Amino acid sequence: MKARGGIYEVLKHTEDLVLEHKLLREGEGYERLGDPDIRKFFSAYTIQVGSTGNLGLSIGIISAVLGYRVIVHMSADAKQWKKDLLRSYGVDVREYQGDYGEAVKRGRALSDADENSYFVDDENSKNLFLGYSVAGKRLQKQLEEMKIVIDEEHPLFVYIPCGVGGAPGGISFGLKQIFKDQVHCFFVEPVQAPCMLLGLATGLNNEICVQDIGLTGKTQADGLAVGRPSAFVGGIMKKMLSGEMTVEDYRLSEYLKDLMETEKIFLEPSACAGFQGPVCISNDVEAKKYLETNGLKNKMKNAVHIVWATGGSLVPEKIRGMYL
Ligand SMILES: *Cc1c(COP(=O)(O)O)cnc(C)c1O
């Protein structure tokens, strides 16, 4: 999930730096970025990010590989193995007792105080969002290759796990550019951390958090353990999103196990949230209303459903066994 957006943003920033400092001449290949003189140049610059784990992995690994100094500010939800993996790349991992919002705040403040530091701002970054949105084109190509047609009579339903909103927002934005009204995007959030749902349903956007309504914000789906949504993404999703579902943690464990047993695919808990989508769309009263209002009822037999299930390929073998 985070690789596409995170790596894009760091490469984009790198390109800006390289052009500004005239490190590459017109027409020179980007392989040159690995040369010792350019790596030495990058080592004077810092990249920082606040994360529940996966964005830190994405930003941290690509930045370290390019030669930057990297500081990842991890919230209390971040799994130990993710911190260990980052440290093995030489990344400075700082841990906080608080939730994701606090890690971002501390990281942003530290970065702002250093003019050679660049902060990847998960709550506001347009570059990160655009990096995620490329998923739309990738999916279009995959569907074409599989000869799956999306049109007026064959609607596309996509169910995407949501934390702060950037990744599912960017993906939905990308899909909407291509499939327009023929794609119906739904976000899925943990019952205890439905921050985007709360922001959209109340209209308060990032001025309300899940703790305000007595929820804990705690979930095994570490990538979705976010209490307050991105205001930037909320504003865009208001017009684009078809709906939201929530899912209980015990169901994530069941989906994780079932997927392994039936398809031999390992996913981490966060990446299993999307499976709740098809369950809700075919059973829930609110979903039925949505299908009726949008003239979809008679088209459902031709509908294509996609569960966005990306996350878990970096999980170590030992931890996989634990999850299973
Ligand atoms: C972070 C994450 C998400 C949600 O992305 P946000 O930008 O936080 O909304 C979904 N799935 C996985 C596996 C993630 O790591």
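The values are calculated or read from the model by the stated rules, or taken from the named source; none is laboratory data. Values in this document were obtained by computation on a predicted structure and should not be read as measured data. Neighbour counts run over all protein chains shown; Cβ positions are idealised from the backbone, glycine included.
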Inset, instruction - Say whether the condition of being crowded, with 23+ Cβ neighbours inside 10 Å, of a type outside the set (Val, Ile, Thr) and within 13 Å of the ligand (Cβ to nearest atom) is met by at least one residue in the stretch 170-183. - result: yes
Inset, instruction - Exactly one condition in (1) hydrophobic (A, V, I, L, M, F, W, C); (2) in a helix (DSSP H, G or I); (3) within 15 Å of the ligand (Cβ to nearest atom) is not met by Val164; state its number. - result: (2)
Inset, instruction - Pairs only if they're at least six apart or on different chains, beta carbon under 8 angstrom, first in the stretch 153-166 and farther than 21 Å from Glu248 by Cβ and touching a residue at least 24 places away in the same chain (Cβ under 8 Å), second in a loop (DSSP other than H, G, I, E, B) and within 16 Å of the ligand (Cβ to nearest atom); list them, first residue then second. - result: Val158/Trp308; Gly166/Asp122; Gly166/Glu123; Gly166/Ser125; Gly166/Ser230
Legend entry - Those residues of the stretch 274-324 which are at positive phi and either touching a helix residue (DSSP H, G or I) at 6+ places or on another chain (Cβ under 7 Å) or touching a residue at least 24 places away in the same chain (Cβ under 8 Å) (or both), in sequence order: Gly311, Gly312
Legend entry - Top-ranked residue of the stretch 175-202 - restricted to ones that are assigned to a strand (DSSP E or B) and of a type in the set (Val, Ile, Thr), ranked as nearest to Leu139 (Cα to Cα): Val183
Legend entry - Residue ID - farthest from Ala78 (Cα to Cα), chosen from residues in the stretch 224-259 that are acidic (Asp, Glu) and in a helix (DSSP H, G or I): Asp258
Legend entry - Set Lys141, Lys147: member being assigned to a helix (DSSP H, G or I) and of a type in the set (D, E, K, R): Lys141
Legend entry - Which numbered condition Gly60 misses (of (1) in contact (Cβ under 8 Å) with a residue 60 or more places away in the chain; (2) buried (at least 22 other Cβ atoms within 10 Å of the Cβ); (3) under 20 Å from Asp114 (Cα atoms); (4) not aromatic (Phe, Trp, Tyr)): (1)
Inset, instruction - Say whether the condition of being at pLDDT 90 or above and within 15 Å of the ligand (Cβ to nearest atom) is met by at least one residue in the stretch 8-23. - result: yes
Legend entry - Criterion violated by Val307 - all others in (1) over 20 Å from the mean Cα position of the chain (by Cα); (2) within 12 Å of the ligand (Cβ to nearest atom); (3) of a type in the set (A, V, I, L, M) satisfied: (1)
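Are there helices (runs of 4 or more DSSP H) fully within the stretch 49-117 with at least 1 residues that are over 22 Å from Leu11 (Cα atoms) and among the small types (Gly, Ala, Ser)? List them.
100-112
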Legend entry - Count - residues of the stretch 262-305 that are polar (S, T, N, Q), over 17 Å from Asp151 (Cβ atoms) and out of contact with any strand residue (DSSP E or B) (no Cβ under 7 Å at 6 or more places or on another chain): 4
Inset, instruction - Please give the number of the condition Ala193 fails out of (1) closer than 23 Å to Lys126 by Cβ; (2) within 15 Å of the ligand (Cβ to nearest atom); (3) of a type outside the set (Lys, Arg). - result: (1)
Inset, instruction - Kindly indicate whether any position in the stretch 26-37 is exposed (fewer than 14 other Cβ atoms within 10 Å of the Cβ) and in contact with a strand residue (DSSP E or B) (Cβ under 8 Å, 6 or more places away or on another chain). - result: no
Legend entry - Scope the stretch 220-245; condition within 11 Å of the ligand (Cβ to nearest atom), among the aliphatic types (A, V, I, L, M) and more than 11 Å from Gly165 (Cα to Cα); matching residues: Ala221, Ala225
Inset, instruction - Mind telling me which of the residues Lys288, Lys299 ends up being in contact with a Pro (Cβ under 9 Å, 6 or more places away or on another chain) and away from the ligand (no atom under 12 Å from the Cβ)? - result: Lys299
Legend entry - Conditions (1) surrounded by 18 or more Cβ atoms within 10 Å (Cβ to Cβ); (2) under 18 Å from the mean Cα position of the chain (by Cα); number of the one not met by Val93: (2)
Inset, instruction - State all residues of the stretch 63-90 that are buried (at least 18 other Cβ atoms within 10 Å of the Cβ), closer than 19 Å to Ala3 by Cβ and of a type in the set (A, V, I, L, M, F, W, C); if no residue qualifies, say none. - result: Ala64, Leu66, Val70, Val72, Met74, Ala78, Leu85, Leu86
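So for the stretch 206-217 (the condition being farther than 24 Å from Tyr100 by Cα and either away from the ligand (no atom under 12 Å from the Cβ) or modelled with pLDDT under 95 (or both)), does at least one residue qualify? Full working, then the answer.
First, the residues of the stretch 206-217 that are farther than 24 Å from Tyr100 by Cα: none.
No, that holds for no residue.
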